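Enquirer: A single structure is presented below for examination.
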Amino acid sequence: MACTVTVTGRALPCKDSLGGIKQIWVAAWVDGLWTAVSSGSIANATSASATVFKNYDMHKNTGSFTQTVNASIENGTIFYTQVVSCVFSNEIAADISNFQDLTKGRLALVVQDVNDNLFVMGNTRGVELTGGTLETGVAMGDFNGLKYEFTGEEQIAAPFLAAAAGVPSGDKVTFTATT
């Protein structure tokens, strides 16, 4: 069966975009959380039960979001590995139990970059904490804190999440900033 390939081209964009992420939004995974992807975007979050996303802030220049295309010509398969690397400085006792909970199962995760774009990682299959370190450094000026990686694998790249005024919202879904 032949595939239809649409080539639209892409003009050179303005130089008004920055690299890096400022925070992630995390909730327990719920099947059917996201509405369908349309033109690379999800318009809304919806859930049969109340879902609360909490944010995890990061210092500037410490987090990254990378999506890798994995294609096999021989097998005729393609999928995207989505990885967000997070750095949380100043480790505290509450971090131990908090992040231990995050290792227990699948998560729903939204990445907010410094341009206030919101990306839905693992929109159909969820995300898992796949690695990390807790560091105290050697010298007085060394890093003290936690470094974690969350990974999702999806058939498509992480879609954008539409949001009014930079704050995501949805039916029975709440995004609550940590104060």
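Enquirer: Of all the strands (runs of 3 or more DSSP E) wholly in segment 1-110, which have at least 1 residues that are touching a Phe, Trp or Tyr at 6+ places or on another chain (Cβ under 7 Å), at pLDDT below 90 and more than 19 Å from Thr151 (Cβ to Cβ)? Quick ask: steps written out before the conclusion?
Expert: On the way: elements: 21-28, 45-57, 64-72, 77-89.
Strands (runs of 3 or more DSSP E) meeting the threshold: 45-57.
Enquirer: If I go through segment 27-44 residue by residue, how many of them are touching a Ser or Thr at 6+ places or on another chain (Cβ under 7 Å) and crowded, with 19+ Cβ neighbours inside 10 Å?
Expert: Count: 4.
Enquirer: Also: Test Glu128 against the criterion of being surrounded by 16 or more Cβ atoms within 10 Å (Cβ to Cβ), over 19 Å from Gly20 (Cα atoms) and free of Cβ contacts under 8 Å to residues at least 60 places away in the same chain, and give yes or no.
Expert: Numbers: surrounded by 16 or more Cβ atoms within 10 Å (Cβ to Cβ): yes; over 19 Å from Gly20 (Cα atoms): yes; free of Cβ contacts under 8 Å to residues at least 60 places away in the same chain: yes.
For Glu128, the condition - surrounded by 16 or more Cβ atoms within 10 Å (Cβ to Cβ), over 19 Å from Gly20 (Cα atoms) and free of Cβ contacts under 8 Å to residues at least 60 places away in the same chain - is met.
Enquirer: Residue under question is Val69, and the condition is that it be under 28 Å from Gly32 (Cα atoms), hydrophobic (A, V, I, L, M, F, W, C) and surrounded by 13 or more Cβ atoms within 10 Å (Cβ to Cβ); does it hold? Don't jump to the end; show me each part of the working.
Expert: Working: under 28 Å from Gly32 (Cα atoms): yes; hydrophobic (A, V, I, L, M, F, W, C): yes; surrounded by 13 or more Cβ atoms within 10 Å (Cβ to Cβ): no.
Considered against the rule, which asks whether it is under 28 Å from Gly32 (Cα atoms), hydrophobic (A, V, I, L, M, F, W, C) and surrounded by 13 or more Cβ atoms within 10 Å (Cβ to Cβ), Val69 comes out as no.
Enquirer: Just checking, does segment 143-166 include any residue being modelled with pLDDT under 90, hydrophobic (A, V, I, L, M, F, W, C), surrounded by 14 or more Cβ atoms within 10 Å (Cβ to Cβ) and more than 16 Å from the chain's Cα centre (by Cα)?
Expert: no
Enquirer: Looking at segment 79-92, can you tell me whether even one residue there is without any contact (Cβ under 8 Å) to a residue 24 or more places away in the chain and either out of contact with any strand residue (DSSP E or B) (no Cβ under 9 Å at 6 or more places or on another chain) or of a type in the set (A, V, I, L, M, F, W, C) (or both)?
Expert: Quick first cut of segment 79-92, residues without any contact (Cβ under 8 Å) to a residue 24 or more places away in the chain only: 92.
Those left that are additionally either out of contact with any strand residue (DSSP E or B) (no Cβ under 9 Å at 6 or more places or on another chain) or of a type in the set (A, V, I, L, M, F, W, C) (or both): 92.
Scanning segment 79-92 turns up at least one residue that is without any contact (Cβ under 8 Å) to a residue 24 or more places away in the chain and either out of contact with any strand residue (DSSP E or B) (no Cβ under 9 Å at 6 or more places or on another chain) or of a type in the set (A, V, I, L, M, F, W, C) (or both).
Enquirer: Return a yes/no flag: does segment 96-110 have any residue that is in contact (Cβ under 8 Å) with a residue 40 or more places away in the chain, loosely packed, with under 15 Cβ neighbours inside 10 Å and more than 15 Å from Gly63 (Cα to Cα). I'd like the intermediate steps shown before the answer.
Expert: The initial filter retains those residues of segment 96-110 that are in contact (Cβ under 8 Å) with a residue 40 or more places away in the chain, namely 99, 102, 105-110.
From what is left, the residues that are loosely packed, with under 15 Cβ neighbours inside 10 Å are 105.
Okay, now just the ones that are also more than 15 Å from Gly63 (Cα to Cα), so 105.
Yes, that holds for at least one residue.
Enquirer: Phe119: farther than 30 Å from Asp142 by Cα, of a type in the set (A, V, I, L, M, F, W, C), under 12 Å from the mean Cα position of the chain (by Cα) and in a strand (DSSP E or B), yes or no? Reasoning before the result, please.
Expert: Working: farther than 30 Å from Asp142 by Cα: yes; of a type in the set (A, V, I, L, M, F, W, C): yes; under 12 Å from the mean Cα position of the chain (by Cα): yes; in a strand (DSSP E or B): yes.
Criteria met by Phe119.
Enquirer: Additional query: Suppose we filter segment 136-164 for residues that are among the aliphatic types (A, V, I, L, M) and without any contact (Cβ under 8 Å) to a residue 12 or more places away in the chain; how many remain? Don't jump to the end; show me each part of the working.
Expert: We begin by selecting, within segment 136-164, every residue among the aliphatic types (A, V, I, L, M); these are 138-140, 146, 156-158, 161-164.
Subsequent filtering for residues that are without any contact (Cβ under 8 Å) to a residue 12 or more places away in the chain retains 138-140, 164.
The total comes to 4.
The values are calculated or read from the model by the stated rules, or taken from the named source; none is laboratory data. Bear in mind the structure is a predicted one, so any value in this text is a computation, not a measurement. Cβ coordinates were reconstructed from backbone atoms using ideal geometry, including for glycine residues, and neighbour counts include every protein chain displayed.
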